[in-house]
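Notes to accompany the following structure.
The values are calculated or read from the model by the stated rules, or taken from the named source; none is laboratory data. As the structure is a prediction and not an experimental result, all values here were calculated from the model. We place every Cβ from the backbone using ideal geometry, glycine too, and count neighbours over all the protein chains shown. The protein model used for the area step is the full one, side chains on, heavy atoms only, and it has no ligands, DNA or RNA in it. Shrake-Rupley method; radii C 1.70, N 1.55, O 1.52, S 1.80 Å.
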Amino acid sequence: MKKYLQILMLAGVALTLSACGNLKNSSLANNATTTESGRRKTNQTTNTGRNGYNVLLKNGVYRTSPISGLTATNNDNSVDTRELERGLVQISKNVYSTNSYTFQEGQYLKAATVTDWLARKSKSNPTGLNPAAGTKKNYIPYYLEEIQEQDYLTGSGSNYRLGGISLGLAMNSVDYYQKVKDGPQYQKSISRSTQRSEGIKMANTIIARLRKRKALKNVPITVGLFSKTSKDSLVGGSYFAYGTASPNSSKISKWKSVSVKTQVLPTVGNAKAVNSSDASSFNSFKTAIQNYFPTISGVSGTLRYESGKLVQENISITTLFYGYEQIQSFTRLVLSQAKKYLSKDAAIEIKIGSVDDVQALVAKESADSDYQVHIYGGE
């Protein structure tokens with residue numbers, strides 16, 4: 001249990017700092033280096049566990065990206081944020097091996113630069129990537145909503161250097177606008193083909209700009225195209241294509257498709273389950289725990305599929321009880337029913353909580369790992 005408490009504490013730090021996934025069972029390696037001014041600085045790396053990247057720390061501090069959270073409009077959907085980052089890490093694993101590269105949030109794109117890029121192109125802002133708005137009758141939407149940067153470093157000890165960059169371009173699937181100030185809100189859907197064509201054009205423009213920087217001339221630059229969901233969506237968007245510009249190249253010549261689907265269970269209205277067997281297993285799990293503890297106000301699940309395979313299932317259970325023994329007993333029940341009904345071949349995360357706070361966590365981080373359990377304020 002002591003080991004698992006370390007996992008939970010580090011996971012909380014990772015989420016607060018917008019890290020690339022949860023930091024698990026971290027081990028810190030100190031690597032000292034001396035600057036020209038004579039002050040001694042220290043590099044550290046944290047081990048993020050199996051199949052994850054080591055994360056570089058500077059003087060023991062996690063470095064956040066200066067462009068994190070910048071968006072083109074005020075219509076951003078918060079459920080997209082984690083998937084935009086997580087999905088880019090997964091894409092990057094296809095290019096930058098976790099055995100050879102160390103992760104750091106992007107440090108090369110500055111806030112002022114990206115703010116201009118996300119804005120519309122105009123005489124006063126010639127670097128804007130979004131087109132001019134057009135007319136009231138022929139409105140042209142904001143295609144690009146957000147840019148994510150991740151840096152992948154090589155080396156060890158006191159010598160880390162940039163080995164590659166990954167960029168996530170969050171493309172709107174819906175743009176919201178007003179024809180007159182304080183007037184009614186309209187929306188314009190953006191097709192996947194338009195997202196792709198505009199995204200590719202913007203990606204190559206960004207790459208050409210970055211190649212003008214000495215530090216970025218000779219490193220691979222990977223770009224993922226991410227489709228954002230509507231602002232009232234319950235699930236996050238997903239990447240649909242990515243490509244890599246070779247060192248010294250100013251464009252991506254080959255793009256690969258990405259197949260990711262996310263679904264909320266129980267389904268709403270006439271929506272069909274991505275996989276009927278997974279939906280049936282979830283419903284059996286839900287029924288089993290509700291029959292045992294009727295004072296449960298809700299059970300919902302978010303399932304993520306990659307290339308048709310279930311890889312992650314996140315379940316949220318809202319309770320109406322607060323007693324310590326009730327939580328203990330219920331958590332044991334959830335664990336037993338999860339083992340009985342839920343997928344053996346996917347990562348599972350089950351959060352148990354009241355409306356105000358999380359009471360317990362039941363999770364396994366990969367298909368072949370064991371469940372871990374933590375009851376907050378308990379054992």
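A few notes on this one:
- Out of S259, S281, sole residue that is open to solvent by 40 Å² or more (accessible area, probe 1.4 Å), in contact (Cβ under 8 Å) with a residue 12 or more places away in the chain and of a type in the set (S, T, N, Q): S259
- Subset of region 201-227 (residues that are farther than 21 Å from L153 by Cα and either modelled with pLDDT under 95 or among the hydroxyl-bearing types (S, T, Y) (or both)): T205, S227
- Within region 172-228, considering residues that are assigned to a strand (DSSP E or B) and β-branched (V, I, T), the one most open to solvent (accessible area, probe 1.4 Å): V174
- Scanning region 85-127 for residues that are among the small types (G, A, S), farther than 22 Å from V260 by Cα and in a helix (DSSP H, G or I) yields A111, A112.
- Single match in A367, A346, A273, A363 (criterion: without any contact (Cβ under 8 Å) to a residue 12 or more places away in the chain, open to solvent by less than 50 Å² (accessible area, probe 1.4 Å) and closer than 24 Å to G237 by Cα): A273
- Of all residues in region 117-127 being open to solvent by 30 Å² or more (accessible area, probe 1.4 Å) and not aliphatic (A, V, I, L, M), the one that is nearest to S230 (Cα to Cα): R120
- Of residues in region 128-147 being small (G, A, S) and assigned to a loop (DSSP other than H, G, I, E, B), the one most open to solvent (accessible area, probe 1.4 Å): A132
- When K251 is tested against the conditions (1) open to solvent by 40 Å² or more (accessible area, probe 1.4 Å); (2) at pLDDT below 95; (3) part of a loop (DSSP other than H, G, I, E, B); (4) not aromatic (F, W, Y), the lone failure is (2).
- The condition of being touching a Gly at 6+ places or on another chain (Cβ under 9 Å) and open to solvent by less than 50 Å² (accessible area, probe 1.4 Å) holds for only one of T98, T81, that being T98.
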